[in-house]
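Asks: Structure provided below as structure tokens; questions to follow.
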Amino acid sequence: MTTSRLAALGRDEPSLLPLAQRLLSLAESGLPSMLLPGKEAFAFTLAGTRAPDGSWRVEQRGTSRRYAAITALGVHHLPEDRQRTVLAGRTAQEFTGLLVESLPSVTNLGDAALIAWAAAETGHPKLSDALARVTALDDHRRPQYTVEAAWVLSALAAARDAADVEEHLTAARGRLLRSRTGGGPLFPHATGPGLLPWYRAHVSCFADQTYPLQALARAHASGPGDPEALAAAEACAARICELQGEGGQWWWHYDARTGGVVEGYPVYSVHQHAMAPTALFDLAEAGGGDFSAALRKGLRWMTDVPELAGHPSAQEPLILDELGVTWRKVYRGDPKKAVRAVRGLSTRAAAGLRLRTLDRVYRPLSVDRECRPYEFGWMLYAWQGGRV
């Protein structure tokens, strides 16, 4: 199924269209292997192990309610027969219903928000139950993690036409806008003090940027218009695109105070093929700027990984069609994530002090052989979706 987003990719850079179509086919074929045996939940991850003869063994590990909700959001954009193929006979709405029924035991705000978002987008009849659970868990007197606060706003924006969410939406929108340090373009890891130790309170991640900019763009598009929210989303997008690596890398850790990069690695596949696209697409379709060139540059990284060029790891691609996976990330392999820790501390002491000798000592040559269902959920959402 060719969507307007895929059509635009084919028009602007035809050589990338087969890659996007390949990834989408892989997502549909790979997600069923991530369903747990009961067929009512998704594994947390699919881990790959390579035997001496070069063959692969993949193993389901853990379970994740939030990954299941993200998967439902993405699968919802497929035709019904393909939804049922991915979800063991269920539609995305029916699968979301299982998640809604589990809400009384949900204590995490992010999980509840994602379930409510899925219920809103699939038109589930028990959306009001899902929204009530989000309201019960969302204590405005306490700081929240930025990603989860953004999911709350996206869920409320999606539910706007079906329920009276204006009071909660206004509060959630204001919380995100106020969280920025000194009005800068980037978002912190938490909406207020108290959740993070002092020495890393300035460090935020890529997800802390994409989910808020997406949420603010969707809030603007879902109602009478919110120029302040749209401007904040666009400023964030412009900054992360300005910082994007020469090879299309979406970097991982930022200094929310200065708008600079703290540590670039790991580079995650999901950021390249899914999270950046869905946020930037939603922004453009809400009336924001066109950042499609950066989006295409990021997608190209999936098959042209400069970190691995000329290294034995280059013989191992990140996309394995036969397994139905995209390997999770390229990383440094430093013990106990030492580079991130050192750079977090050094930039706290002096903004911009990144100790570049660490780049030579710990080069990003390692591949994390995991694949998580939310990666494919957001991929489907990014390329098969679009604002209604």
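Asks: Go over the candidates 215, 229, 237, 274 one by one and state the one that is in a helix (DSSP H, G or I), more than 30 Å from residue 327 (Cβ to Cβ) and at pLDDT 95 or above.
Replies: After ruling out the rest, the residue left standing is 229.
Asks: Of the residues 332, 300, 296, 328, only one is open to solvent by 10 Å² or more (accessible area, probe 1.4 Å), modelled with pLDDT of 95 or more and closer than 27 Å to residue 200 by Cβ; which?
Replies: 328
Asks: Kindly indicate the residue of the range 44-58 that is surrounded by 12 or more Cβ atoms within 10 Å (Cβ to Cβ) and aliphatic (A, V, I, L, M) and also farthest from residue 372 (Cα to Cα) among those meeting that condition.
Replies: 58
Asks: From the list 41, 20, 27, pick out the single residue that is out of contact with any Cys (no Cβ under 7 Å at 6 or more places or on another chain), farther than 14 Å from residue 379 by Cα and open to solvent by less than 80 Å² (accessible area, probe 1.4 Å).
Replies: Just one listed residue meets the conditions, 41.
Asks: Next up: Out of the residues in the range 92-127 meeting the condition of being of a type in the set (S, T, N, Q) and either under 19 Å from the mean Cα position of the chain (by Cα) or closer than 13 Å to residue 67 by Cα (or both), tell me which one is most open to solvent (accessible area, probe 1.4 Å).
Replies: Selected residue: 108.
Asks: Any residue in the range 11-28 that is in contact with a Lys or Arg (Cβ under 8 Å, 6 or more places away or on another chain) and either over 18 Å from residue 278 (Cβ atoms) or part of a loop (DSSP other than H, G, I, E, B) (or both)?
Replies: Yes: one or more hits.
Asks: Could we say that residue 194 is in contact (Cβ under 8 Å) with a residue 60 or more places away in the chain, surrounded by fewer than 19 Cβ atoms within 10 Å (Cβ to Cβ) and part of a loop (DSSP other than H, G, I, E, B) here?
Replies: no
Asks: Which residue out of 150, 162 is in a loop (DSSP other than H, G, I, E, B), in contact with a helix residue (DSSP H, G or I) (Cβ under 8 Å, 6 or more places away or on another chain), among the aliphatic types (A, V, I, L, M) and modelled with pLDDT of 95 or more?
Replies: 162
Asks: Across the range 88-142, what is the total count of residues that are modelled with pLDDT under 95 and among the charged types (D, E, K, R)?
Replies: Looking only at that region, the number is 3.
Asks: For residue 155, state whether it is at pLDDT 95 or above, hydrophobic (A, V, I, L, M, F, W, C) and in contact with a strand residue (DSSP E or B) (Cβ under 8 Å, 6 or more places away or on another chain).
Replies: no
Asks: Another question, if that's okay. I'd like to know if the range 293-305 contains one or more residues that are in contact with a Ser or Thr (Cβ under 7 Å, 6 or more places away or on another chain) and in contact (Cβ under 8 Å) with a residue 24 or more places away in the chain.
Replies: For the range 293-305, residues in contact with a Ser or Thr (Cβ under 7 Å, 6 or more places away or on another chain) and in contact (Cβ under 8 Å) with a residue 24 or more places away in the chain: present.
Asks: Also, I was wondering about something else. If residue 61 satisfies all but one of (1) open to solvent by 60 Å² or more (accessible area, probe 1.4 Å); (2) more than 13 Å from residue 42 (Cβ to Cβ), what's the number of the condition it fails?
Replies: Going through (1) open to solvent by 60 Å² or more (accessible area, probe 1.4 Å); (2) more than 13 Å from residue 42 (Cβ to Cβ) one by one, residue 61 breaks only (2).
Asks: Follow-up question, since we're still on this one. Given the criteria among the basic types (Lys, Arg), part of a helix (DSSP H, G or I) and open to solvent by less than 70 Å² (accessible area, probe 1.4 Å), does residue 66 qualify?
Replies: Criteria met by residue 66.
Asks: Go through the range 299-317 and count every residue that is within 18 Å of the chain's Cα centre (by Cα) and either among the aliphatic types (A, V, I, L, M) or not in a loop (DSSP other than H, G, I, E, B) (or both).
Replies: Adding up the residues that qualify gives 3.
Asks: Does any residue of the range 235-249 turn out to be touching a helix residue (DSSP H, G or I) at 6+ places or on another chain (Cβ under 9 Å), small (Gly, Ala, Ser) and open to solvent by 30 Å² or more (accessible area, probe 1.4 Å)?
Replies: Yes, because at least one residue in the range 235-249 is touching a helix residue (DSSP H, G or I) at 6+ places or on another chain (Cβ under 9 Å), small (Gly, Ala, Ser) and open to solvent by 30 Å² or more (accessible area, probe 1.4 Å).
Asks: Please enumerate the residues belonging to the range 167-185 that are out of contact with any helix residue (DSSP H, G or I) (no Cβ under 6 Å at 6 or more places or on another chain) and either basic (Lys, Arg) or part of a loop (DSSP other than H, G, I, E, B) (or both).
Replies: 178, 180, 184
The values are calculated or read from the model by the stated rules, or taken from the named source; none is laboratory data. Quick caveat: nothing in here was measured; it's all calculated off a predicted structure. Ideal geometry is used to build each Cβ from the backbone, glycine not excepted, and the neighbour counts take in all protein chains shown. The accessibility values were calculated without ligands, DNA or RNA, using every heavy atom of the protein model including side chains. Shrake-Rupley method; radii C 1.70, N 1.55, O 1.52, S 1.80 Å.
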